[in-house]
Every structure is written in structure tokens, then in C-alpha cells.
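Structure record follows, encoded as C-alpha cells.
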Amino acid sequence: MLETALPKLEQLIEQLLVKNQSLQQDVTRLTEQNEQLNNKLTSLTEENETLQLEALEQEEKHDSTLNKINALLGRLEQEA
């Protein structure tokens with residue numbers, strides 16, 4: 001019985017070692033992928049913030065231009 005149990009145990013241990021190595025490689029790969037995704041997220045977040053600021057600036061310019069146009073129209077109406 002011991003003669004058959006020992007080879008079986010060695011085989012199972014070898015399988016576990018191979019599986020463990022494979023899982024460690026997966027963890028390493030997923031950790032690297034996670035880091036890349038975090039970097040991408042950071043970049044996109046910064047880009048989003050920049051675009052939001054640009055949109056606010058455009059809105060302020062639009063409002064300023066609209067106010068100037070309204071002021072000019074008001075003047076024209078007064079003169080007419």
C-alpha cells in the first residue's frame with residue numbers, strides 16, 4: 001500500500017507545484033494588467049478634467065459674446 005501511495009503523492013505534489021507556478025504567472029500578469037489599467041484610468045481622468053475645464057472656458061466665452069451681442073442689440077433698439 002505504501003508503495004502505491006508514495007508515487008501517487010509525489011505525482012499530486014508535482015501537479016500542485018505546476019498549478020501553483022501557473023497561478024503565480026497569472027497573478028503576475030494580472031497585476032501588470034491592473035497597473036496598466038490604473039495608468040490608463042489616471043490618464044483618462046486627467047484628460048476628462050482638462051476637457052471639462054475647456055468646456056467651462058468655452059461656456060464663459062459664449063456667455064460673454066452673447067452679453068456683448070445683447071448689449072449691441074439694445075443700443076441699436078434705442079437708436080431706432
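The values are calculated or read from the model by the stated rules, or taken from the named source; none is laboratory data. No experiment lies behind these values; they were computed from the predicted model shown. Don't worry about glycine lacking a Cβ; one is built from the backbone with ideal geometry, like all the others, and counts go over all protein chains shown.
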Taking region 1-60 and keeping residues of a type in the set (Asp, Glu) and either at pLDDT 95 or above or in contact with a Ser or Thr (Cβ under 8 Å, 6 or more places away or on another chain) (or both) leaves Glu10, Glu14, Asp26, Glu32, Glu35, Glu46, Glu47, Glu49, Glu54, Glu57, Glu59, Glu60
Do we have Thr4 as free of Cβ contacts under 8 Å to residues at least 40 places away in the same chain, assigned to a helix (DSSP H, G or I) and surrounded by fewer than 10 Cβ atoms within 10 Å (Cβ to Cβ) here? yes
Cβ contacts < 9 Å: first residue free of Cβ contacts under 8 Å to residues at least 60 places away in the same chain, restricted to region 44-57; second residue in a helix (DSSP H, G or I) and surrounded by 10 or more Cβ atoms within 10 Å (Cβ to Cβ), any location; separation 6+ or different chain. Result? none
